[in-house]
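Undergrad: Here you go, one structure.
The values are calculated or read from the model by the stated rules, or taken from the named source; none is laboratory data. On a predicted model such as this, the values are computed, not experimentally measured, just so you know. Neighbour counts run over all protein chains shown; Cβ positions are idealised from the backbone, glycine included. Heavy atoms of the whole protein, side chains included, go into the accessibility calculation; ligands, DNA and RNA do not. Shrake-Rupley method; radii C 1.70, N 1.55, O 1.52, S 1.80 Å.
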Amino acid sequence: MVNREVRSLAPVLLLDPARSTFDEMLRGYAVSMRSRGLSEGTIRGSQYGVKRFFRFAGTYPWEWRPQDVEDFTSSLLSGPEPLAHSTIRGYHQVLKGFCGYISHPAYDWVDVCMERFGSAPAQICHPWNTFAHLAEFEAKPARRPFGYDELEAFFEHADQRAHDLLEERKKGALPALRDAQFFKTVYAFGLRRREAVMLDLNDLRPNPYVPEWGAYAKVQVRYGKAMKGSPPRRRTVLACPEFAWASEGLRYWVEEVRPRLAGESDALWVSERRTRVTTRTVDQRFAEIRDAVGLDRALTLHSLRHSYVTHLIEFGYAAQFVQEQVGHNHSSTTAIYTSVGDDFKNRIFQEALRRVLGEGATA
């Protein structure tokens, strides 16, 4: 408990009492976050946010004021590339949580700071000086799904890259084959980056309704995006007929190519060192192919998942089915990802014309 720790330290002469107290606060806050079931990554991120604000303010928490938050926010918005709304709101949430902890009467930090420094910590984040979460979708407007032509160009270049390396018997041919199939799998099953990277061979499952697809008709996602304080969520993603080519590609990767790389690893996607491929690696490979094709740099690996949702809707799948496939808790989240293309809108418009004006009506 903080009470016992602080009291036991009271007789000790601290060489730097301000810094020592701040470090104690950070450790205590980490303990409280672990007690709430938050991941170590979330805890490290929160501590980083508090330390960044500390460096900006140049003062300790018992000296922080609401004006410091406003100045900090202005600095985040004034750079050559202002931070996204969601990023700044994340900093505000981190600060609000930390200040709530050190100023809460359940802990002794107010008394300790008054005794040591004659000033007490207080909550400095309020509705009038922090970003509110007003919109469901806070990503940059430039973020969008692939168009069909862009997808075709991207996958064609990835395949050609692997083919050329194989023909020339150059190093990197097998990883290039892996990359091409990895990106196709992300798109064809609507996976997040980490969900795909963490797949093992045993996560590939058959579907009794399409026995001809063998063990490549379902993907068992075990590392889905977790809610705060909860373990990763699981779901099963069915291969859809429109993406049967991806199942065939998986079969070729698993049965023909992967055995030449894998060794004893259970990972579906392995590196030349026979270890699980990393998210950093697939990000780099994606950017290399995207830039080589000359596609919009706003397109990211996650854009493949956006494309999956958009295209399933365009193919006529029910919104509930799409929601279950991608693992969204709420239909509103799925709707955010949906950006139907012009071909789909034109087809629906033509159908409406024929329905209302008769079979001979055209736009």
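Undergrad: Order SER86, SER78, most accessible first, counting only protein heavy atoms with a 1.4 angstrom probe.
TA: Ranking SER86, SER78 by accessible area, largest first, yields SER78, SER86.
Undergrad: Quick one: what are the phi-derived ³J(HN,Hα) couplings along segment 20-34, Karplus 6.51/-1.76/1.60 with θ = phi - 60°, whole Hz, x for glycine and proline?
TA: For segment 20-34, the Karplus-derived couplings read 4, 5, 4, 5, 4, 4, 5, 5, x, 5, 4, 4, 5, 5, 5 Hz, x marking Gly and Pro.
Undergrad: Which of the aspartates and glutamates could a cross-linker span from LYS171 if the Cα-Cα distance has to be under 13 Å and same-chain partners fewer than 8 positions apart are dropped?
TA: GLU272
Undergrad: Counting only protein chains, not ligands or nucleic acids, how are PHE146, PHE131 ordered by accessible area (probe 1.4 Å), most first?
TA: I get PHE131, PHE146, largest accessible area first.
Undergrad: How long is the gain from ASP296 to LEU76 if the chain were fully straight, where each residue apart is worth 0.36 nm and the alpha carbon distance is subtracted?
TA: Full extension of this stretch gives 76.6 nm more.
Undergrad: Across segment 303-310, in residue order, what do the Karplus-derived ³J(HN,Hα) couplings come to in whole Hz, using 6.51 cos²θ - 1.76 cosθ + 1.60 with θ = phi - 60° and x for Gly and Pro?
TA: Values per residue, Gly and Pro as x: 4, 5, 5, 4, 5, 4, 4, 4 Hz.
Undergrad: Sequence neighbours fewer than 8 away in the same chain don't count; with that in mind, list the aspartates and glutamates whose C-alpha is under 12 Å from LYS51.
TA: Those aspartates and glutamates meeting the cut-off are ASP23.
Undergrad: Can you tell me which of 176-187, 52-63 comes out highest on packing, and rank the rest after it, using the mean Cβ neighbours within 10 Å?
TA: 176-187, 52-63
Undergrad: Specify whether the C-alpha gyration tensor of segment 178-220 places it in the rounded, prolate or oblate class, a ≥ b ≥ c being the square roots of the eigenvalues: rounded for a/c under 1.5, otherwise prolate if a/b is larger than b/c and oblate if not.
TA: Because a/c hits 1.5 or more and a/b exceeds b/c, segment 178-220 counts as prolate.
Undergrad: Taking H placed 1.01 Å from N in the peptide plane, check which residues at least 5 places from VAL270 or on another chain put their amide H under 5 Å from its amide H.
TA: Excluding prolines and chain starts, which carry no amide H, the hits are VAL277.
Undergrad: Next question. Using a simple spin-label model with points 7 Å from Cα along the Cα→Cβ vector, what separation in nm is obtained for THR278 and ASP200?
TA: So the label points at THR278 and ASP200 sit 2.2 nm apart.
Undergrad: Please state the shape class of segment 135-285: rounded when a/c is under 1.5, otherwise prolate if a/b exceeds b/c and oblate if not, all from the C-alpha gyration tensor.
TA: rounded
Undergrad: Taking H placed 1.01 Å from N in the peptide plane, check which residues at least 5 places from LYS218 or on another chain put their amide H under 5 Å from its amide H.
TA: Amide H neighbours of LYS218, under 5 Å, 5+ apart: ARG205, ALA239.
Undergrad: Please list, in order along segment 154-169, the HN-Hα scalar couplings obtained from phi with the Karplus expression 6.51 cos²θ - 1.76 cosθ + 1.60 (θ = phi - 60°), rounded to whole Hz, x for Gly and Pro.
TA: 5, 5, 5, 5, 4, 5, 5, 4, 5, 4, 5, 5, 5, 4, 8, 6
Undergrad: Which of the GluC sites (Glu not before Pro) across segment 154-223 are loop residues per DSSP, with 12 or fewer other Cβ within 10 Å?
TA: GLU168
Undergrad: Between ARG260 and SER39, what's the calculated FRET efficiency when r is the beta-carbon distance and R0 is 30 Å? Round to 0.05.
TA: Calculated value: 0.25.
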